[in-house]
Amino acid sequence: MQIQRQLKNKNSSQLMSLALLGILVLLYAPLLLYWWDGWVKKSISIEHEYFSHGIIGLPFAGYLCWMNRKKWQRLPNTSHPLGAALLVVGGIFYLSGVSEWVNISFPLILAGLCLWLKGIPGFKLQGFPLILVLLATPTSVPYLITPYTLPLQSFIAGTAGFILTQLGMQVIVDGINIYVGGRIVEVAPYCAGLKMLFTTFYVGLMLLYWTGALSSRRKSIWFLSIAVLMSISANIVRNTLLSFFHGTGQEGAFHWLHDSWGGDVYSAIMLLLLIPVLNWIDAYFSEVTETQHEGEA
């Protein structure tokens, strides 16, 4: 009798999980497809393109949830009141019809379900996938940050102008404008490298989690700091090349790197370089730890 009751409860739990999954698919599949299509074809708004790292981040979050499924099933069914609150707020946002609120409702609903079904332990178990979903959810954050990027734009323009001057070119830098051969290249807010910074930070978090280095605060801080410096340096080089191409009349090369697949290749190479950097940091701090232990012994 007890075995039958356990089987019945297990089947009920599985049916409930499948029902919730089906509802989520019906509600959010069109939205996710819209994001995906916009990111791949670059047909979405400029601000939403800043979150194109979701192309790799969202599938990775789904993979992590799948890998945690057995741990999830073993957790006791306990509800946290915050879960119900998040579900209500997420539902209101979804029904509002306001595009940004509908977007934000996605991570809210997922977090609410974790808390409602499994409480704090379930929320902690799915914590990193939820972070990946949140950071890949298109919002107006890039638009809000843009007015404050002027110092970064000026720094990039000045550095790019200095590099071109060292190459023997006649360059004039005026604020965020670079004049090369009588042609002007503007380091606009959306050329200040914010998108690359967002992507670098996001991919950096994924690498830290995948390698287990995220558990070390020291390794994480060093790696993310170096990654940010690499991103800024790569954007300076990119703007220098764009200024060179435009100033010397190489419009084909300019458009290839600026708004064609050349920019994607450039970004991909930069992101791949993060892997040996993380390996080096991991090896370095492992050596330091071993040396300290030997000294104590």
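Brief remarks follow.
- Residue check for Ala61: free of Cβ contacts under 8 Å to residues at least 24 places away in the same chain, in a helix (DSSP H, G or I) and of a type outside the set (Lys, Arg): no
- Every residue from the range 30-62 that is more than 17 Å from Gly263 (Cα to Cα) and within 11 Å of the chain's Cα centre (by Cα): Gly54, Ile56, Gly57, Leu58
- From the options Ser105, Ser154, residue that is outside the structural domain of Leu242 (by TED's automatic domain parsing) and among the polar types (S, T, N, Q): Ser105
- Total residues in the range 116-140, condition part of a helix (DSSP H, G or I), of a type in the set (Val, Ile, Thr) and touching a residue at least 60 places away in the same chain (Cβ under 8 Å): 2
- Residue list for the range 225-255, filter: surrounded by fewer than 20 Cβ atoms within 10 Å (Cβ to Cβ) and farther than 30 Å from Leu278 by Cβ: Thr248, Gly249, Gln250, Glu251, Gly252, Ala253, His255
- Tallying residues that are β-branched (Val, Ile, Thr) and either at pLDDT 90 or above or in contact with a strand residue (DSSP E or B) (Cβ under 6 Å, 6 or more places away or on another chain) (or both) within the range 125-155 yields 4.
- Residue check, Leu257 at pLDDT below 90, within 20 Å of Lys195 (Cβ to Cβ) and in contact with a Phe, Trp or Tyr (Cβ under 7 Å, 6 or more places away or on another chain): yes
- Each residue in the range 128-153 was checked for being more than 19 Å from Glu49 (Cβ to Cβ) and either crowded, with 21+ Cβ neighbours inside 10 Å or among the charged types (D, E, K, R) (or both), and 1 of them qualify.
- Residue count for the range 114-124, restricted to those that are crowded, with 20+ Cβ neighbours inside 10 Å and out of contact with any Phe, Trp or Tyr (no Cβ under 6 Å at 6 or more places or on another chain): 5
- Scanning the range 176-221 for residues that are of a type in the set (Ser, Thr, Tyr), assigned to a helix (DSSP H, G or I) and at pLDDT 85 or above gives Thr199, Thr200, Tyr202, Tyr209, Thr211, Ser215, Ser220.
- When Gly181, Gly161 are screened for being outside the structural domain of Phe128 (by TED's automatic domain parsing) and surrounded by fewer than 21 Cβ atoms within 10 Å (Cβ to Cβ), only Gly181 passes.
- Contact annotation: residue pairs with Cβ atoms under 9 Å, 6 or more positions apart or on different chains, pairing a residue in the range 86-105 that is surrounded by 17 or more Cβ atoms within 10 Å (Cβ to Cβ) with a partner that is not in a helix (DSSP H, G or I), are Asn103/Thr137; Asn103/Pro138; Asn103/Thr139; Ile104/Thr137; Ile104/Thr139.
- Remark: Gly168 matches the filter, which requires a residue to be part of a loop (DSSP other than H, G, I, E, B) and under 30 Å from Thr240 (Cα atoms).
- Of residues in the range 21-74 being among the β-branched types (Val, Ile, Thr) and loosely packed, with under 13 Cβ neighbours inside 10 Å, the one farthest from Cys114 (Cα to Cα): Val40
The values are calculated or read from the model by the stated rules, or taken from the named source; none is laboratory data. Quick caveat: nothing in here was measured; it's all calculated off a predicted structure. Backbone-built Cβ (ideal geometry, glycine too); neighbour counts: all protein chains shown.
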